[in-house]
Amino acid sequence: MGGQIGVEIIGTAMHLPEGKLTNQKLEELMTTSDEWIVKRTGINTRRQADIANGETASVLATEAMRKALVKANIDAKELDLLLVATMTCDSPTPSVACVVARELGCNDIGAMDINAACSGFLYTISIADAMIKSGSYKTIGVIGADTITRHIDYSDYGRGAAILFGDGAGAVVLQANEDPSKGMIAHKMHADGNGAKHLFIPSCQLDFPPEAEFDERKLDKVQMNGQAVFKFAVTKFQEVIAETLEDAGISADEVDHFVCHQANSRILDSARDRFGIPEEKLLVNIHKYGNTVAGSIPIVLDELIEDGKIKPGQKVMFLAFGAGLTWGSSLWQF
Ligand code: ACO
């Protein structure tokens, strides 16, 4: 392929565990109410992986990519790189990407995980676009997969975070294309480790920030200052949209779809209000799945593509924020 290289998304898919975690189920586990959860977050239900029976992030990731390859109409052996965004790998090693490559029969390809929490998928497709445009790779599989519910305390003690999260995976297949207008137009990757104290999962006493009191019950469970994360998310979402539009030299009206990390419907509403984004340009599916961490954006993308809502030539802005703290954008032309 001579000259400039474009990047096309040739297949997308999602895979969700069967297990459901409804607001009514949470009412049985902790002091909360369906009304409170819906009003504060927009969430009705979520999916929960059966970790005890081996339904780990690599299982969800493998199934999502298997379906995406079918839709892309290519064999797993045609992938020449596999990247998985996750913060909940089955164990410290092997990576989820290595397990997926093995399960799908990809022979001798590069495979690795990238951890940027809920911003992980967004970081990873931006990296994959650059790898293809460099000419080094032709077909890259990118997955966002997390089983965050394994790190949730389903008691009154953990109720602030427990209501938000669900498990799931989404996958896309990216391929080099002769049309250089296709692919990423602009992107931003941001991180601020000073905010890590607002959202972390401690493995041992040393992982607690100075301002947090050590408590054995908190080990291995999501610790979140909901209000601090909420304020960060509202501010950074708006900032990153503005800076990405400026870099691309376009206005918000020229973006056809905003594919956003689903963390709280009120955070999405604030971005819609600020930029006058009509409802049909910003799909909200949080009511069905909650916050699926790195799975969230590719799940929204797959829904839009399955419904025929994204058309060739349209501009799509991916947006996310998450633990780290991390946030960013990736503006694509389809
Ligand atoms: N059910 C009922 N009441 C609750 C619950 C619950 N599950 N959780 C907290 N409350 C109570 C609090 O105790 C508090 O009571 P008080 O006023 O008597 O003290 C009251 O509700 C209000 O609590 P707030 O924390 O102020 O509630 P808020 O309106 O901020 O909503 C929420 C909390 C939903 C967590 C919100 O802060 C939020 O969504 N924050 C963003 C979190 C987020 O997006 N995290 C994911 C980041 S992505 C990643 O990378 C993992």
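The values are calculated or read from the model by the stated rules, or taken from the named source; none is laboratory data. All of these numbers come straight from a predicted model, not from anything done at the bench. Here the Cβ is made from the backbone with ideal geometry for all residues, glycine too, and neighbour counts use every protein chain on show.
Does A145 fit the bill of being of a type in the set (G, A, S) and crowded, with 21+ Cβ neighbours inside 10 Å? Taking the combined requirement at face value, the residue satisfies it.
Looking only at segment 208-224, which residues are in a helix (DSSP H, G or I) and either modelled with pLDDT under 90 or in contact with a helix residue (DSSP H, G or I) (Cβ under 8 Å, 6 or more places away or on another chain) (or both)? Result: R217, single match.
From the list L282, L331, L319, the one residue that fits, being within 30 Å of Q175 (Cβ to Cβ), away from the ligand (no atom under 16 Å from the Cβ), touching a residue at least 60 places away in the same chain (Cβ under 8 Å) and not polar (S, T, N, Q), is L331.
Filtered by the rule that a residue be in contact (Cβ under 8 Å) with a residue 12 or more places away in the chain, assigned to a helix (DSSP H, G or I) and under 22 Å from M87 (Cβ atoms), segment 27-65 gives T41, I51, A57, S58, L60, A61, T62, E63, A64, M65. Please go through (1) farther than 19 Å from I297 by Cβ; (2) within 16 Å of the ligand (Cβ to nearest atom) for S119 and return the number of the only condition it doesn't satisfy. Result: S119 fails condition (1) only. Close contacts from segment 217-237, counting a first residue that is closer than 14 Å to L164 by Cβ and near the ligand (Cβ under 6 Å from one of its atoms) and a second that is among the β-branched types (V, I, T) and in a helix (DSSP H, G or I), with Cβ to Cβ under 8 Å and a gap of 6+ residues or different chains, come to F230/I267; A233/I267.
Is it the case that some residue within segment 245-252 is small (G, A, S), within 16 Å of the ligand (Cβ to nearest atom) and in contact (Cβ under 8 Å) with a residue 24 or more places away in the chain? Taking every residue of segment 245-252 in turn, none turns out to be small (G, A, S), within 16 Å of the ligand (Cβ to nearest atom) and in contact (Cβ under 8 Å) with a residue 24 or more places away in the chain.
Restricting segment 190-237 to residues that are of a type in the set (S, T, N, Q) and surrounded by fewer than 16 Cβ atoms within 10 Å (Cβ to Cβ), the residue that is nearest to S330 (Cα to Cα) is T235. Output the residues belonging to segment 1-36 that are more than 29 Å from D90 (Cβ to Cβ) and either modelled with pLDDT of 95 or more or within 13 Å of the ligand (Cβ to nearest atom) (or both). Within segment 1-36, I5, G6, V7, E8, Q24, E27, T31, T32, S33, D34, E35, W36 qualify. Against the test of being of a type in the set (A, V, I, L, M, F, W, C) and either modelled with pLDDT under 95 or within 15 Å of the ligand (Cβ to nearest atom) (or both), the options F275, F258 yield a single qualifying residue, F275.
For segment 155-177, a residue qualifies if it is aromatic (F, W, Y) and either surrounded by 19 or more Cβ atoms within 10 Å (Cβ to Cβ) or outside the structural domain of N115 (by TED's automatic domain parsing) (or both), and exactly one does: F165. For segment 251-298, how many residues meet the condition of being more than 22 Å from G324 (Cα to Cα) and either of a type in the set (K, R) or not in a helix (DSSP H, G or I) (or both)? Residues in segment 251-298 being more than 22 Å from G324 (Cα to Cα) and either of a type in the set (K, R) or not in a helix (DSSP H, G or I) (or both): 16 in total.
Do we find a residue being assigned by TED's automatic domain parsing to the domain that holds Q48, within 16 Å of the ligand (Cβ to nearest atom), within 18 Å of M224 (Cα to Cα) and in contact with a strand residue (DSSP E or B) (Cβ under 8 Å, 6 or more places away or on another chain) anywhere in segment 124-138? The answer is no, given that none of the residues of segment 124-138 is assigned by TED's automatic domain parsing to the domain that holds Q48, within 16 Å of the ligand (Cβ to nearest atom), within 18 Å of M224 (Cα to Cα) and in contact with a strand residue (DSSP E or B) (Cβ under 8 Å, 6 or more places away or on another chain).
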